[in-house]
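Read the structure below first, then the notes.
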Amino acid sequence: MTNVVLKSAFRQTFAICLIVSSLTICPASVLGQQVTFQPEPIMSVTSKEGSFRGLTFAHHGRELWDCRLNCWKVPEGYSESYKPPVKSTAKWQIFDAAAQGRRMIFVDELGERILSWGGVRPLGTRPLPDRGTVRSIRLLKGEDWFASWLTEPSAIVVGAVRSPKWDRYVSIPDGMKKVFISRSGKLFAAVSPDNDKHVLIWDIKDNQKGAVIEQKSVVASLCLSSDDRFVATGSFDNKVRIYDAESGRQLKVLKGHGKGPIFLGSAVFSVTFSPDVRFLASGGHDGQVIVWDVDSGERVLNASVESKPIVWSVAFSQNSKMVAGGFEGAGPVHGVGVWRVEPEK
């Protein structure tokens, strides 16, 4: 009798999951497969497929976007039906959103235009920079300017969102990897073309190399803080490191990530500072999203997906009170979780 009841319940759950959109399939299960979080997130969305990369919160924190311009309500978790009035299949490297304000900026699916959109704002378009291939694009503070990393030839361009009239190009060495432009547009950090264990800090305005950071482990991810004071790296030795951006001096080594179950090994694939620079989030091969206190180096939040999928993307809300992690597993376990950074008082 018990088995009959269980089979019946499973069939009902399976049927419900098939009806719901593939991006909102039963928040705690994927086609009957249970997904366990620890601690329980305030929002979770799971699916049998999807990228869940390039996560970013809307300015008010009530919506979460991914690299494919999918949007979910926070904390309800259901998908929003509205999108910018353009079809976009842009890769996650060429999508970004404002740190302040309402505007988002991305590249259209044909790779021909920059589009900016922000809910109440009308859709704006302008041609891409007239030389090079866009690899990443970042909306700068103030919302009206952007900076982009170009290859073939290799350069940084700083320009106005609405018009190419003021585009300014800065040539940089070929072969740089994981280029991360700061929100101020003054600096970028990149993995050296000559050594995957070295990070270069570059002054965009004066077009000159700053500090050189030398690690003993290959750099898997990196980021700059919004005030340009710190550089953080995630590495293939499961460690997170914080450096002084001006001098390159190592300030902290943060240990907490472990090995994942998949053959790829061990790495921290995403790091990001909170907008107020109080916290640093990291995600990696072990299915964990860890939030660190920048000053003390202590763990503020240790969240995990028990099946240990790879966490490819972490993001903070603009008020620094929520953190999201996007993950992909070896099996049909893909999705995103949102947690409060600190318990509500």
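Readers should treat all values here as calculations from the given coordinates under stated rules, not as data from a laboratory. Only a predicted model underlies this, so the values are computations on that prediction, with no experimental measurement involved. Reconstructed Cβ throughout: ideal geometry from the backbone, glycine too, with neighbour counts over all protein chains shown.
Going by average Cβ neighbours within 10 Å, how do the peptides 222-233, 169-180, 281-292 rank, with the highest at the top?
281-292, 222-233, 169-180
Within region 214-257, which residues have the backbone N less than 19 Å from the label spot 7 Å out from D276 along Cα→beta-carbon, could you tell me?
Of the residues in region 214-257, 225-230 have backbone N under 19 Å from the label point off D276.
Can you run phi through the Karplus equation (6.51, -1.76, 1.60; θ = phi - 60°) for region 66-77 and list ³J(HN,Hα) in whole Hz, with x for Gly and Pro?
My calculation for region 66-77 gives 10, 5, 9, 6, 6, 9, 10, 6, 10, x, 5, x Hz in order.
Calculate the FRET efficiency for Q38 and K165 from the Cβ-Cβ distance with a Förster distance of 41 Å, rounded to the nearest 0.05.
0.20
Taking a label point 7 Å from the Cα of K141 along the Cα→Cβ vector, which residues of region 207-229 have an amide N closer than 11 Å to it?
226-229
Roughly speaking, what is the stretch gain from S296 to D203, that is 0.36 nm per residue apart minus the C-alpha to C-alpha distance, in nm to one decimal?
So the chain would gain 30.7 nm between S296 and D203.
Once label points are set 7 Å from the Cα along Cα→Cβ at both D194 and K321, what is their separation, rounded to one decimal in nm?
4.8 nm
Checking the table K178/K216; K73/K197; K209/K239 against a 28 Å threshold on Cα-Cα, which pairs fail?
K73/K197
Using a basic spin-label model with each label point 7 Å from the Cα along Cα→Cβ, how many nm lie between E76 and K255?
Taking the two extended label points, one gets 4.6 nm.
Could you compute the FRET efficiency for E246 and R113, with r as their C-beta to C-beta distance and R0 at 35 Å, rounded to 0.05?
Once rounded, the FRET efficiency stands at 0.45.
Check which residues have an amide H placed less than 5 Å from R103's amide H, if you skip close sequence neighbours.
A98
What shape does region 198-345 have by the C-alpha gyration tensor, where a ≥ b ≥ c are the square roots of the eigenvalues, rounded means a/c under 1.5, and otherwise prolate means a/b greater than b/c and oblate the rest?
Since a/c reaches 1.5 but b/c is at least a/b, the shape of region 198-345 is classed as oblate.
Apply the Debye scattering formula to region 84-213, with a single equal point scatterer on each alpha-carbon and no solvent, then give log10 I(q)/I(0) at q = 0.19, 0.20, 0.22 Å⁻¹.
Scattering profile of region 84-213, log10 relative to I(0): -1.04, -1.14, -1.33.
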